[in-house]
Amino acid sequence: MEGERRTLKQQEDGRIADVVEKRQRKAEQADMQMTVAQEETQSLQVIARMHSLFPAKFGIPRQSGLAEAVKSTVVFEPAYRAAEAVRGLEGFSHLWLIWQFSQAVRDEWMPTVRPPRLGGNRRMGVFATRSPFRPNAIGLSAVRLEKIEFQQNLGPVLHVAGADLMDQTPIYDIKPYLPYADSYPDASCGFSQPLQGHCLQVEFPQRWRNLLPPALCEALVQILEQDPRPAYHSDSQRVYGFVFADWNVRFAVSGSVLTVCSIEPVSGEEAPRW
């Protein structure tokens, strides 16, 4: 009898241990799910917005620094306009902007994308590209800081050059560029290597140049040299267009030569798109 009682007690203790273990596993799983849920719902604060010459995506340089003559301003949101927040920033020549691809936010993501510069037919892993269609639609750009202007109603305004952001793009953070840590001159460029140095010859008739200030002409030429078209567009008869600094710019490309067809002020009508 004593042996049976010990056996029954051991079995009961085993069942209790199993229950405790199961409850512990469930608690751990619940904690893990809660942690994942918290990670999935982490939010970023928009600290500033870009004010640029690009009201739409088409025509924007594909990378920062390719059109150094393009000038923009970074205007902080009201909660972040303290002058102290930019103390010391004037000593840096370049900045990192961390921002949102606000026109590319999607609920789902794909592991591969078709980079336009590869003709739109080859798929690459999304993390091997700078495609805006990412799990987190976050962009990173290095820009040149020209000056910091303190305005009474806007606080510190950053004047930058070489940005590749659409007007009103939300900016999450700003960091100084450190050449001794951020520059790797010998870095390899993967499948984008053959695309380096690809520029078009821009034919810009004087009658159209006369409509724009010299600074805007220089910026526009740098933009057009980079060939704004998707790589899979090669129709020499097609006229493309985009809005740049309140002007409708139309152009055509034949071979390696881009010709500006017309420049007209925006009159309230929608500008042509490719």
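Considered as a group, the residues in the range 166-180 that are within 21 Å of Ser131 (Cα to Cα) and of a type outside the set (Val, Ile, Thr) include one that is surrounded by the most Cβ atoms within 10 Å (Cβ to Cβ), and that residue is Met166. Among the residues of this structure, Arg134 does not count as one that is modelled with pLDDT under 95 and out of contact with any helix residue (DSSP H, G or I) (no Cβ under 8 Å at 6 or more places or on another chain).
For the range 104-129, the set of residues classified as of a type in the set (D, E, K, R) and modelled with pLDDT of 90 or more consists of Arg123 only. Quick check: anything in the range 197-205 in contact with a helix residue (DSSP H, G or I) (Cβ under 9 Å, 6 or more places away or on another chain), at pLDDT below 95 and of a type in the set (S, T, N, Q)? No.
Taking the conditions exactly as written (closer than 30 Å to Leu154 by Cβ and either modelled with pLDDT of 95 or more or not assigned by TED's automatic domain parsing to the domain that holds Tyr240 (or both)), does Glu84 satisfy them or not? Walk me through it before giving the result.
Numbers: closer than 30 Å to Leu154 by Cβ: yes; either modelled with pLDDT of 95 or more or not assigned by TED's automatic domain parsing to the domain that holds Tyr240 (or both): yes.
Spelling it out, Glu84 is indeed closer than 30 Å to Leu154 by Cβ and either modelled with pLDDT of 95 or more or not assigned by TED's automatic domain parsing to the domain that holds Tyr240 (or both).
Within the range 247-274, being under 28 Å from the mean Cα position of the chain (by Cα), surrounded by 12 or more Cβ atoms within 10 Å (Cβ to Cβ) and modelled with pLDDT of 90 or more holds for Trp247, Asn248, Val249, Arg250, Phe251, Ala252, Val253, Leu258, Val260, Ile263, Val266. Taken over the range 145-173, the criterion of being of a type in the set (Val, Ile, Thr) and within 21 Å of Ala104 (Cβ to Cβ) is satisfied by Thr169, Ile171. Among the residues of the range 222-244, those that are of a type in the set (A, V, I, L, M) and surrounded by fewer than 18 Cβ atoms within 10 Å (Cβ to Cβ) comprise Ala231, Val239. Please enumerate the residues belonging to the range 42-94 that are over 27 Å from Gln222 (Cα atoms), of a type in the set (Gly, Ala, Ser) and assigned to a loop (DSSP other than H, G, I, E, B). Hits for the range 42-94 are Ser43, Ala82, Gly88.
Out of Ala137, Ala163, I need the residue that is within 30 Å of Asp246 (Cβ to Cβ), touching a Leu at 6+ places or on another chain (Cβ under 9 Å) and surrounded by 14 or more Cβ atoms within 10 Å (Cβ to Cβ). Which one?
On the way: Ala137 fails: touching a Leu at 6+ places or on another chain (Cβ under 9 Å).
Within the list Ala137, Ala163, the selection yields Ala163.
Restricted to helices (runs of 4 or more DSSP H) entirely inside the range 160-237, those with at least 1 residues that are of a type in the set (A, V, I, L, M, F, W, C) and touching a residue at least 60 places away in the same chain (Cβ under 8 Å) are 214-225.
For the range 136-159, filtered to residues that are part of a loop (DSSP other than H, G, I, E, B) and of a type in the set (A, V, I, L, M), the residue that is farthest from Leu118 (Cα to Cα) is Leu154.
On the given criteria, is Ala181 at pLDDT below 95 and either out of contact with any Lys or Arg (no Cβ under 7 Å at 6 or more places or on another chain) or β-branched (Val, Ile, Thr) (or both)? No. Determine, yes or no, whether Arg123 is surrounded by 12 or more Cβ atoms within 10 Å (Cβ to Cβ), more than 25 Å from Leu224 (Cα to Cα) and not assigned by TED's automatic domain parsing to the domain that holds Leu224. Here the answer is yes, as Arg123 does meet what is asked.
The values are calculated or read from the model by the stated rules, or taken from the named source; none is laboratory data. Source: prediction; values computed, not measured. Ideal geometry is used to build each Cβ from the backbone, glycine not excepted, and the neighbour counts take in all protein chains shown.
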